[in-house]
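A short worksheet on the structure shown next.
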Amino acid sequence: MVRKDSIICCAQMAQCCCWAAAAAEQHGTGDSPKTGQGSTGGGQRHNLEEAQIEQMKSLVQDAEKEGVESEEQVSVSSPSASVSPDAPSTTNTTTTTTTGKDNTLSSCKNRSKSRGKPAKDDRNVIVKQNKDPALQSSLSGQKTNRQENERTLLIRGTEKTLQGRSEPNGNYLNIPHLKNNQEQENGFKHPRKKKAVTVDSSKAKTSLEALKISIKYLKWKEFPMGRRTACDIYWHGVSFHDNENITSGQVNKFPGMVEMLRKINMSRAMRTMQELFPEEYDFYPRSWILPEEYQQFTTQIRLVKESDAAAHHTFIVKPDGGSQGDGIYLIRDPNDLKLVAGSQAKQGVVQEYIHKPLLIDKLKFDIRLYVLIKSLEPLEIYIAKEGLTRFCTEPYHQKNLSHVFMHLTNYSLNVHSGNFVHSDSQSTGSKRTLSSVLYRLAAKGVDIKKVWSDIIALVIKTVIAVVPELKVYYQAEIPPGKPGPTCFQILGFDILLMKNLKPILLEVNSNPSMRIEHEQEVAPGVFEYVPSPVDEEVKVNVIRDTLRLMDPSRKKAAVSLPRPAGESEEISTDADSPVASPEEVLPSLCLKQVYPKYTKQFNYLRLVERIAALFIRFLGVKGNMRLGPTAFRTFIRTCKLSNTTFTMASVDILYIDITRRWAGAVSDSREAGMGLQAFVEAFFTLAARRFKSVGQRQQVLSLLELCELSVSEERRSVSCSRALSGGSRTHSHSTQLSPAPLRRAASQDQRLHYRLKARTLRVNADN
């Protein structure tokens, strides 16, 4: 076998022979004005060039004698071969070079006419497909496959090989899919680079810094100024409508969450659940809605004082849309209520004040717990394993109701107190981590597992209470079948521990602060933001792991099945964590799934959600949030709730009474009709009328089962009628139809008859 470099040398010499012969003929024929005079110098140069050609030919012949013929038989069908082209081309190239002076000069002469000097590609490429017409004509009748047409070329000056196939014009066409063939032969494939998740942070507001840190940690791509094309995740700072016209991706706000978590709507939702499950929802303080329930509140206070003259109950007043402690104050007498602001009545709630809170260092504190609602259907709830505890800045006493630094734990209020302590430690200062407080309580013998279990139950029950209204808002903003984003949201639960360690829900914030800095006075009256290690430790982890759970490229984990109550609460982080990249291993999730993990323990509480499903079923028009009188009558008729004692006229009266009462209570209603809360009241009334001998919860459950059965039967009958009507088209006209299609057909025929009759009369009149 001849070495590869000898073959390359032979081909190179043959090519040089062609160039030299072309140059010699050009000098001899007088193509140039200066060389056409037959000078002596020109003849010497001509003789010298002929000698060089003869020398090159002899070198080629010597190479042939050493075994060029054996090299011509090497197969090049393998795509990874690094030798020259296939055998026919190599053979022809060698033969053309060595047949003699005349053949060599004639073939090179033809090439020199087409191009005066060799191109750059001809100098770099060692072997090229031969373009001898005789050989091409001999091969034209033969069948060639793809592998025979492919070539492997060695580029001079590099160690790269170019693989592809030759075109009919002799050019070389590269084939992309044949790159890195050597690696494919060895069984190694480069891992496909994961596409970076895109996040639109243009509306993030106060959570921007924590979001930036999380995105950088995950090596995702941030668009702080927005993006014309769609992003994978949109991070809003206030509500779902911060960025309009989103038709894909995921948004970190649910439509209607801001409205649902206002003080009044929240109190109504909790009150509904307290009517059905009074023992399960005793963690929410008794509330009265102002101003509509002012008379009930004053009556209740009077009755309490009459029964116990020494009792001095304290109440806390909260404005409906207030935040950060704004507008909150304490009262003991109803006459101290501030019901009017200017010319308008102030809307809000008044609640029983928890007068025996748990104290640490004689200070009152509350817990800020972060909860992620990953989806509504199916319902998925996650709780952060770490939270914040916010301390008052004055020792607690039941007196001095006007001292906000003693009674209110809001950070935005206490930060302005002279006693507020900014600390880099997680276990000291006016803001600490939840784990540090629980560890301190455990050191005193407190059953922390029981406390944590009660907090989890409080969170699940609260979310179950607000989900029905959220589903109505969701279907109004993103109706089924309409393109739109999916939603998730982080909520801030404010929880107070009583002296007996029972958790009490104070409120739920739809936009909890995710700021990781705090204000610090550097000069009198001059404040600046400085990093807060405690906030960063908690909030960055919550946002980062929320993004990990909502990663669109993450494989869906297996649905968690409900476990018996006796099993451990800890969940496997493998199912919740994204697949770790080879470069790094992310820490375990700080978010713990609690639902649907505990479905078995809490699923019975979702009665109002089933009522909301009926409400949405009879709305009719997509995007609507109110039930009209016709839709309400359809609901009564479908569920077979009317009878001789409860006629359709009574149904209309019930609809009008409830709708008018709720229209006055809900001042910001966008549409006329019956909303979900009004429909729930009407449903409770119908249940009490239909099932009188059982309790309220059983009444509602019995009516729900009756309505759901009726709706399913109606759907079944409609589907059967459609199947029959569809099948009747394939039968002959003699097939008997049902009465309804017959009536429709008769009415259509009658209209057509009258139309044709009138047309005939007009024609006769014209004639």
The rounded separation in angstrom of the Cα centers of region 380-394 and region 322-377 is 17 Å
Stretched fully, the stretch from GLU708 through GLU537 gains (0.36 nm per residue minus C-alpha distance, one decimal, in nm) 56.8 nm
Pseudo-spin-label distance ASN603 to LYS502, built 7 Å along Cα→Cβ, given in nm, is 2.9 nm
So VAL304 and ASP336, fully extended at 0.36 nm per residue minus their Cα-Cα distance, gain in nm 9.8 nm
Counting only DSSP loop positions in region 592-639, the trypsin sites (Lys or Arg not before Pro) whose Cβ has at most 14 other Cβ atoms within 10 Å are LYS622
Each label sits 7 Å from Cα toward the beta-carbon; between ASN643 and ILE448 the label points are separated, in nm, by 5.9 nm
Going through LYS502/LYS592; LYS346/LYS499; LYS385/LYS502; LYS356/LYS444 one by one, the pairs whose alpha carbons sit over 30 Å apart turn out to be LYS346/LYS499
Taking a crude spin-label model, label points 7 Å out from Cα along the C-beta direction, the GLN398 to ARG440 distance in nm is 2.4 nm
Per-residue Cβ contact counts at 10 Å, fewest first, order THR659, THR685 as THR685, THR659
So for R0 = 35 Å, FRET eff. of THR630-GLN696 from the Cβ-Cβ r, to 0.05, ends up at 0.75
Low-density loop GluC sites (Glu not before Pro), region 232-321, at most 10 other Cβ within 10 Å, DSSP non-H/G/I/E/B, are GLU244, GLU279
To the nearest 0.05, the calculated FRET efficiency linking GLU521 and GLU671 through their beta-carbon distance, R0 being 56 Å, is 0.70
Set LYS338/LYS539; LYS449/LYS600; LYS431/LYS461; LYS216/LYS461; LYS374/LYS482; LYS399/LYS450, cut-off 30 Å on Cα-Cα distance; pairs above it are LYS338/LYS539; LYS216/LYS461; LYS399/LYS450
Listing THR298, THR433 by rising number of other beta-carbon atoms within 10 angstrom, fewest first, gives THR298, THR433
At R0 = 22 Å the Cβ-Cβ FRET efficiency linking LYS221 and GLU244, nearest 0.05, sits at 0.45
Assertion target for ARG548, ARG271, ordered by fewest C-beta neighbours within 10 angstrom first, is ARG271, ARG548
Residue span ILE360 to ILE653: 0.36 nm per residue of separation minus Cα-Cα distance leaves a gain in nm of 99.8 nm
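Read-outs: derived from the displayed coordinates by stated rules, not from any lab. Treat the numbers as computed from the prediction; the structure is a model and nothing was measured. Note: ideal-geometry Cβ built from the backbone for every residue, glycine included; neighbour counts use all protein chains shown.
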